[in-house]
Structures are given as C-alpha cells and as structure tokens.
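All remarks here apply to the structure that follows.
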Amino acid sequence: MKPRVRFAPSPTGALHIGGARTALFNWLFAKHHDGVFVLRIEDTDRERSTKEFEKSILEGMRWLGMDWDEGPFYQTQRMEIYKGHVKKLMEEGKAYPCTCSPEELDESRKKAMAEGRKPKYDGTCRNGVTHPDRPAVIRFKAPQDGTTKFHDICRGTISFNNAELDDLIIARSDGTPTYNFTVVIDDVTMDMTHIIRGDDHINNTPKQVMLYNALGYKLPEFAHLPMIHGSDKKKLSKRHGAASVMEYKELGYLPEGLVNYLARLGWAHGDQEIFDFSELIKIFDLDAVSNSPSIFDTEKLEWVNSQHIVKKTNAELVELTRPFFTKIDISLTDDNYAIQVMEVERERARTLKELANISTFFFNDEISIDPKAASKWLKPEQIGRLQELREAIQEDQQFSVASLSKIFNEMAERNGLKMLKIAQPVRVAMTGSTASPGIFEVLTILGKERVLKRFDAAIKGNS
RNA sequence: GCUCCCAUCGUCUAGCGGUCUAGGACAUUGCCCUCUCAAGGCAGAAACACGGGUUCGAGUCCCGUUGGGAGCGCCA
C-alpha cells in the first residue's frame, strides 16, 4: 500500500524551523515511498488563526520546494464531519455533556497540582450534568483502568496507564470540535497511514488512540520526531533569533541549504553531510531518524549553505543575488559582468546576502574607503607608488591577469618590496577594503577605465 | 508535582555485542598555500553522564540514579 502522510500546521504563526523539519520528513517519506503528501490547515482556533499566517505557511512550503499532492484542506470546512462523529459517540454512550465552568475546572486543576496529584477532570458530569442551565461541552468517556499503548516507528511501544488520562473535551460549548478529536477524524477520513510529527505530541497520542478505539477505526503507524531546540536547549521559539522560514530566505539562505541542514537534524546517512533534493528523496527513511533532541546551530547552517552556493552556476547566482543587490540599491544591468563577479566571489560568502554585500565595489561608481585601511595602506609614500603603477597600467595594452601580474612583480622587485606592500594599497584603492578576491582578477573585471578612475580618486583623496 | 520521552566531542552525528586505543562534519588551535580575506590541504585539542547487572566480552542489551526535554487547556 502506498503511504499517505500529512503536514498539519495551524495558521496561528508563520512556518517556523521546527514545523518545516516536520513537514520535510513527511514530504521526504512520501516521496521516497512514492506515496501521497497532503497538506491540512488546522484552523479550528478561530481566535488566533489568520489568513496571513496561512498564506505565509504556504509560501514557506513552496519556497522550500515541498509541494503537496492533496489539499490544502481546512478543518473549518469539515465541521459537519466532526459533528457527525460527536453525535455518534453520544448516541453510543461514549461521550457526555459537561457543564463544569472553566473557572471550576481551573480551580480543581490548581488544587490537584498543589496536592501533588495529576490535574485531571474529576468526572463530575459523568453521570448527568450538574448545571442544566449552563452551556455544555462534550467530553469523551475515557476508559478509567487498563493501559493504552501504541507502536512508534522511532521508539517502539509506548504505553500509558489509563488512570493517568481523563475525559477530554471533544467539543467546546459553542459546538466546535477540539484538536485531539479533529486530528483523529481527519487522519482517519483522509486515509493517513503514517502520522509523523514532533515528539511533543507523544502525550496526546494515547488520547487519540482511545478515540480511534471508541470509533472502531484502525490505528495508523506513528513516528515521533525529536524536537529542535535553541542554544538554551529549550523548544525553539521566536526568542531564538530568526524563527520563521521566510526570514531565512531574507537572510540569503538557499532552500536547498536550509533543507539539507534541517534534514541532518535528527537524521543521518553515515558520514555524508551534503545532500541535494533528489539524493534525500532517494535515501531518506524513518529508520535512520534519531530520538534525541538537537540544537539549531546557525554556524553549521551557514557552512551547509555555502556548500550549496558553490554548486550553483555563475548565471544562477546572478539571478539569486539580484534581489539582495536591489535591496542595497544596485541593479545588475550587465549580466556578463555580474557573472565574472560571481566567479571570483562565489567561494567567499556563506549566504546570498553576504555574496551581494561583499561584491558592491564591483558595481558602485563611488566606493567608500575604510578609513582604517586608508591610514595603513594609503600613506604618502604608498600614494607615490600608486601613481607610478597607475601610469604603467595605463600603458598596458593587454590588461590581463598575466600582464598585470608582471607589472606588479616588476614594481615590487624594483623597489625591493614584497608583493603585499604593493598589492594592498591597490586593493584598498579599488575595493575600499583590505580583503577582496585576487587583485589581478579584481582589476581585470573592473576594466581599465574604472581602474584608472579609482587610482585617481585614491591618489587625489590622499595626497 | 505527576506522566511520557531522551542521554557519544561545545554543536550535528556514525556506531545497530568483539574490527572503538570511538569515526566524520561545524566551530576551535597550529601549520602549509598565498597579494589580503576566504576557499583548499595537513596536523591538533575535544565525547561514550554515573552506578549496578547480563555476557568470555558492553558506547552497543537490562535496571536504577542523575541530568535534560515535553505534556498535563472549552490551543494546536
């Protein structure tokens, strides 16, 4: 049987790193087994769900390249299905109305905690409501003894004592169904074969299993993934810097870079670190998923991203970095020129944003020279040599890496100087900084006209 | 507090009873390359939480302790 899996985010926030990893493992699992990946929007929390968050989640999914085969389905459009199931349970005596108020419940919970007991519903309304005048929620009549167990692909059998569980609310007083109920109904009616989700759901699973049993449905396979933590080892949240997937796009990460990094959190394939999409699909499976939580490490993400930047062609990098250049008011008008720039800068940046930022001097007519660099490398005696170099370069008909190299070397030799002493002033004059690609490459890409202008600007500005 | 889950270098991980004096990667240190900075190459420092078992043999299996995480909503 072809597996059917789903990713079921609630639109109460953007698609974040943890959600993206869960989505990715589902997607990879479906692709690997030639199964079906469905997207379901769990929007029953009307208070906090918004259309904007929903849109940004879909945007994040698309950007990461995780296409879905079915959906998106919306829980708010499936109310009749849930209501039918609630009714069925009521008729079979497996659910009952409860009129205890939220305040009363809250109080008994606090009391239980204070007394060291587990906060659970005391069953006041199990045998008839106590306040017929009040609006009622519907509770599931959970088994009170015995155990509830289920099989988890990653962890084996997990079992809970039913005495630990209570009569969960399956429908609110306004008639809308709650999470643990809707997931079960949806997963069953959508024919899900595997439920792959974060392990923060392990504690919900026995409740859901009871519902499957009460409804007479067959259990799917479960696979609970370890959490992704921030550097403080706490569940990843907004406080840990950029949490939303789209923020990583803004930061200049490649979708393949993020996906590669995310795949390696909680999953490994021997010693291999770098994977592209097709490779992941080919080798990904649940048996290689680990059980311990991992910490999100931006530095490794950056390295992985740089590995994927290097895999791109120069032409692709031009297109990829264009939006980042635009943001700093540079428009790439000459693609051939930009391609040459990419060739010399591609290995020097870890993100597309950085790639654009370190390349600005190639595109701006006016460059700003770092004062510290100038005070070290554009002193009077160095300006004098710059002048000399400028004349030699002007006379150089070839203006190639080879010819320039010859000019620089001769100059160094004549003055008994190391290449450093002669290259650095030129680098500062051309790029404004002490770090850049090879100086001869920089010169030939910039072109003689621009080079001479920058010589003049540096000489004029510092003499 | 209770329940459940987890436990190899700072971090991500390999390891599925003997080949582990524990391997790789990021980060880090030194060296090489070198016109700078990267990239790259080489070398180094760095871990099986602890205690009991089981076994001829345990990082690998079992139990406990400790530590961490998650859940305990008319949120999902």
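Remarks
Okay, residues lined up against (1) within 8 Å of RNA strand B (Cβ to nearest atom); (2) under 30 Å from A:F7 (Cβ atoms); (3) open to solvent by 40 Å² or more (accessible area, probe 1.4 Å); (4) touching a residue at least 24 places away in the same chain (Cβ under 8 Å):
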{"residue": "A:Q75", "(1), (2), (3), (4)": "yes, yes, no, yes"}
{"residue": "A:P97", "(1), (2), (3), (4)": "no, no, yes, yes"}
{"residue": "A:E107", "(1), (2), (3), (4)": "no, no, yes, no"}
{"residue": "A:K110", "(1), (2), (3), (4)": "no, no, yes, no"}
{"residue": "A:D145", "(1), (2), (3), (4)": "no, no, yes, no"}
{"residue": "A:I153", "(1), (2), (3), (4)": "no, yes, yes, yes"}
{"residue": "A:I158", "(1), (2), (3), (4)": "yes, yes, no, yes"}
{"residue": "A:I169", "(1), (2), (3), (4)": "yes, yes, yes, yes"}
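- Of the numbered criteria (1) without any contact (Cβ under 8 Å) to a residue 40 or more places away in the chain; (2) farther than 18 Å from A:G230 by Cα; (3) within 15 Å of RNA strand B (Cβ to nearest atom), the one A:E299 fails is (2).
- Test: A:G35 is touching a Pro at 6+ places or on another chain (Cβ under 8 Å) and away from RNA strand B (no atom under 12 Å from the Cβ): yes
- Selected residue (criterion: farthest from RNA strand B (Cβ to nearest atom)) from residues of region A:440-463 that are open to solvent by less than 10 Å² (accessible area, probe 1.4 Å) and closer than 19 Å to A:N357 by Cα: A:L446
- Between A:M210, A:M190, A:M246, the distinction of being among the hydrophobic types (A, V, I, L, M, F, W, C), touching a Ser or Thr at 6+ places or on another chain (Cβ under 8 Å) and farther than 30 Å from A:V129 by Cα belongs to A:M246 only.
- Count of residues meeting criterion [assigned to a helix (DSSP H, G or I), open to solvent by less than 40 Å² (accessible area, probe 1.4 Å) and polar (S, T, N, Q)] in region A:398-418: 2
- For region A:348-375, filtered to residues that are part of a helix (DSSP H, G or I), open to solvent by 40 Å² or more (accessible area, probe 1.4 Å) and in contact (Cβ under 8 Å) with a residue 40 or more places away in the chain, the residue that is farthest from A:P437 (Cα to Cα) is A:K353.
- Enumeration of residues in region A:377-397 that are under 15 Å from A:E449 (Cβ atoms) and open to solvent by less than 40 Å² (accessible area, probe 1.4 Å): A:R390, A:I393, A:D396
- Exactly one residue among A:T321, A:T326 is more than 15 Å from RNA strand B (Cβ to nearest atom), in a helix (DSSP H, G or I) and touching a residue at least 12 places away in the same chain (Cβ under 8 Å), and that residue is A:T321.
- Of all residues in region A:45-64, those satisfying the criterion of being touching a residue at least 40 places away in the same chain (Cβ under 8 Å) and small (G, A, S) are A:S56, A:G60.
- Residue within region A:266-282 that is in contact with a Phe, Trp or Tyr (Cβ under 6 Å, 6 or more places away or on another chain) and more than 30 Å from A:E92 (Cα to Cα) present: no
- Residues of region A:132-143 that turn out to be open to solvent by 20 Å² or more (accessible area, probe 1.4 Å), charged (D, E, K, R) and modelled with pLDDT of 95 or more, as a count: 1
- Top-ranked residue of region A:420-436 - restricted to ones that are among the hydrophobic types (A, V, I, L, M, F, W, C) and assigned to a helix (DSSP H, G or I), ranked as farthest from RNA strand B (Cβ to nearest atom): A:A429
- Only one of the numbered conditions (1) open to solvent by 60 Å² or more (accessible area, probe 1.4 Å); (2) of a type in the set (K, R); (3) part of a helix (DSSP H, G or I) is not met by A:K233, and that is (3).
- Scan region A:263-284 for residues that are part of a loop (DSSP other than H, G, I, E, B), open to solvent by 40 Å² or more (accessible area, probe 1.4 Å) and under 12 Å from A:L24 (Cα atoms) and the total you get is 1.
Residues checked against (1) within 9 Å of RNA strand B (Cβ to nearest atom); (2) touching a His at 6+ places or on another chain (Cβ under 6 Å); (3) open to solvent by 30 Å² or more (accessible area, probe 1.4 Å):
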site: A:T178; (1), (2), (3): yes, no, no
site: A:V184; (1), (2), (3): no, no, no
site: A:D187; (1), (2), (3): no, no, no
site: A:T193; (1), (2), (3): no, no, no
site: A:F222; (1), (2), (3): no, no, no
site: A:P226; (1), (2), (3): yes, no, no
site: A:E247; (1), (2), (3): no, no, yes
site: A:L251; (1), (2), (3): no, no, yes
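The values are calculated or read from the model by the stated rules, or taken from the named source; none is laboratory data. All values reported here derive from a predicted model rather than from experimental measurement. Cβ sites come from the backbone with ideal geometry, for glycine too, and all protein chains shown count toward neighbours. Just so you know, the surface numbers come from the protein's heavy atoms only, side chains and all, with ligands and any DNA or RNA stripped out. Shrake-Rupley method; radii C 1.70, N 1.55, O 1.52, S 1.80 Å.
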